[in-house]
Amino acid sequence: MCASTGTGSQALERAEAWLASGSLRPTRQRLALARLLVGDGQDRHVTAESLHEAAGTSDVSVSLATVYNTLRAFCQAGLMHEITVDGSRSYFDTRVDSHSHYYWEDDGQLTDAPNKAVQLASKPDIPEGATLSRVDVVIRLRRES
């Protein structure tokens, strides 16, 4: 994860506002991770491992378990979405509007696909008693040699 945190006070303000928008208490660890995620105002896709590594590089002392728990809390608060690429790999996306993704199998990167990349012809049939939460589409790609 190549996360620039923006200027100090500006990045902190963004992180605080982001946590407040999800009604999350700004603990030291949440603020530190939020600053890495949204401090520069850019959307990003991270794994727990890449965020943990970025935290270590930024001298933020946090365990991998805490990173996982914090990412889950961010998702529950509606600040992020979890995108499962396969049974063993999840990405966390700070962009929460409805959009599709490209998964680049060569290097394991997840990127946003253009809105026109996938268009549903109709709304999926939903079982009685259920409502549509969202539709996740991941388009798997390989770069040509």
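General observations
- Antiparallel DSSP beta bridges within the chain, percent to nearest 5: 75 percent
- Here segment 8-89 is assigned +1 on the Cβ of each Lys and Arg and -1 on the Cβ of each Asp and Glu. Its dipole about the Cα centre then comes out at about 260 debye.
- Here the Karplus relation 6.51 cos²θ - 1.76 cosθ + 1.60, evaluated at θ = phi - 60°, turns the backbone of segment 86-94 into coupling constants of 8, x, 10, 9, 10, 10, 10, 10, 7 Hz, with x for every Gly and Pro.
- Here the sum of -39500 (n - 2.57) over DSSP H runs of 4 or more residues, divided by the residues of the chain, equals -10500 deg cm²/dmol at 222 nm, to the nearest 500.
- FRET efficiency for D59 and R95, using Cβ-Cβ distance with R0 set to 22 Å, rounded to 0.05: 0.25
- Positive-end residue of S50, G8, V96, charge dipole of the chain with Cβ unit charges: G8
- Set the Cα radius of gyration of segment 41-145 against 2.2 N^0.38 Å, with N its number of residues, and you get 1.22.
- Net charge dipole size for the chain [Lys, Arg +1 and Asp, Glu -1 on Cβ; Debye, nearest 20]: 300 debye
- For segment 97-141, convex hull volume per residue from C-alpha positions, Å³: 92 Å³
- The chain, relative contact order [Cα under 8 Å, separation at least 6], %: 19 percent
- 0 to 90° range, to nearest 10: angle between helix 28-38 axis and the chain longest Cα axis: 50 degrees
- Helix 64-76 axis, angle to the chain major axis (alpha carbon atoms, nearest 10°): 60 degrees
- Mean separation of Cα pairs under 8 Å and 6 or more residues apart, divided by the residue count, gives segment 97-141 a relative contact order of 53 percent.
Every number in this text was worked out from the coordinates using simple rules, so none of it is lab data. These numbers were taken from a predicted model, which means no experiment stands behind them. Cβ coordinates were reconstructed from backbone atoms using ideal geometry, including for glycine residues, and neighbour counts include every protein chain displayed.
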